[in-house]
Amino acid sequence: MTATRIATRLIDNVQRIIRGKPELVRQAVAGLLAEGHLLIEDVPGLGKTSLARCLARSIGGSWRRIQFTPDLLPGDITGVTIYRQKDERFEFHPGGVFANVVVADEINRGTPKTQSALLEVMSERRVTVDAETHEVPRPFLVIATQNPVELEGTYRLPEAQLDRFLMRLSVGYPDLESEVRVVLGDRAGESPDDLRPVVDTVALRAAIAEVRSLHVDDAVAEYAVRLTAATRTHPSLRYGASVRGSIALIRAGQARAVIDGRAFVTPDDIKDVAVPVLAHRLVLTAEAELALREPADVVADVLTATATPLTGAGH
């Protein structure tokens, strides 16, 4: 099965529950096909957890949900080593991250110490406990939700943690028609639990490999790098996007091209993913924050100021 066909099946399956948000679902599926971690952010009650669960249930293989709370411990995430007195040996008990898809619900309600337990596994797909390294299953995807940091009982995610997410997506309020459909669906008992997997892990790994090998013209790659580099000199920013941001732009652009059924990446693919890929990696200056500027505004500035290459035919 081709990666494009897999993307279509994932999108159709998720949209059975997530109504009226086609672009959000496309971006989320693009993140999965790029084997990138997703951060879904918005106020409570807009379907962040439902979207995360729909994505997880659409993929065959194992998935686990970790509910982040202030009393959650790092060992609950990575696992712990227990001494078996009967056998006189230590035994590793895997934590919640040992699954193909990990739903980290309300991640910013966990303490910074607990949040940091995800740093290694999100970057390297392995965890180290008591100097022993343990690989997690592949593909490995973290789908995290978080409430706005202004809400009580939340902890701001550090920049190193944010940088490990391929995309940050916002659900937003639905339009009237879509909200009515959601309400009627809830009344009928429809939920993410009704979804069945539409792709197994073997096919998903093959799709991820297909996405990673998709052709990227040198001019398109340079365009992505110029966008990222432009954030580093923008007057509204203390810190711009890192090299990881450039890599993420290319990978997300490859996934968008596959979803559209193309064998090459265009500048428009890069533009389509620029805000969800770059905005959460930017740190505003104090003056920009006082002026109520948003990182997405800076990405829009950079897109406007950076010349688009005259390529896109894969040549």
Any residue at all in the stretch 179-187 that is part of a loop (DSSP other than H, G, I, E, B), exposed (fewer than 13 other Cβ atoms within 10 Å of the Cβ) and not hydroxyl-bearing (Ser, Thr, Tyr)? no
Could you count how many residues in the stretch 18-42 are in a loop (DSSP other than H, G, I, E, B) and touching a residue at least 40 places away in the same chain (Cβ under 8 Å)? 7
Residue match in the stretch 233-244 (condition: within 29 Å of residue 48 (Cα to Cα), without any contact (Cβ under 8 Å) to a residue 60 or more places away in the chain and in a helix (DSSP H, G or I)): yes
Restricting attention to the stretch 43-96, report how many residues are in a loop (DSSP other than H, G, I, E, B), closer than 29 Å to residue 20 by Cβ and either in contact with a Phe, Trp or Tyr (Cβ under 6 Å, 6 or more places away or on another chain) or not hydrophobic (A, V, I, L, M, F, W, C) (or both). 6
Out of all the residues in the stretch 59-96, which are under 20 Å from residue 28 (Cα atoms) and surrounded by 15 or more Cβ atoms within 10 Å (Cβ to Cβ)? 59, 60, 61, 63, 64, 65, 66
Would you confirm, using the coordinates I've provided, whether residue 160 is more than 18 Å from residue 79 (Cβ to Cβ), part of a strand (DSSP E or B), small (Gly, Ala, Ser) and assigned by TED's automatic domain parsing to the domain that holds residue 44? no
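Yes/no per residue for (1) farther than 16 Å from residue 37 by Cα; (2) surrounded by fewer than 16 Cβ atoms within 10 Å (Cβ to Cβ); (3) of a type in the set (Ser, Thr, Tyr); (4) at pLDDT 90 or above:
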| residue | (1), (2), (3), (4) |
| --- | --- |
| 98 | no, no, no, yes |
| 103 | no, no, no, no |
| 118 | no, no, no, yes |
| 121 | no, no, no, yes |
| 132 | yes, yes, no, no |
| 138 | no, yes, no, no |
| 142 | no, no, no, yes |
| 147 | yes, no, no, no |
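The values are calculated or read from the model by the stated rules, or taken from the named source; none is laboratory data. This is a predicted model, so every value here is computed, not measured. Note: ideal-geometry Cβ built from the backbone for every residue, glycine included; neighbour counts use all protein chains shown.
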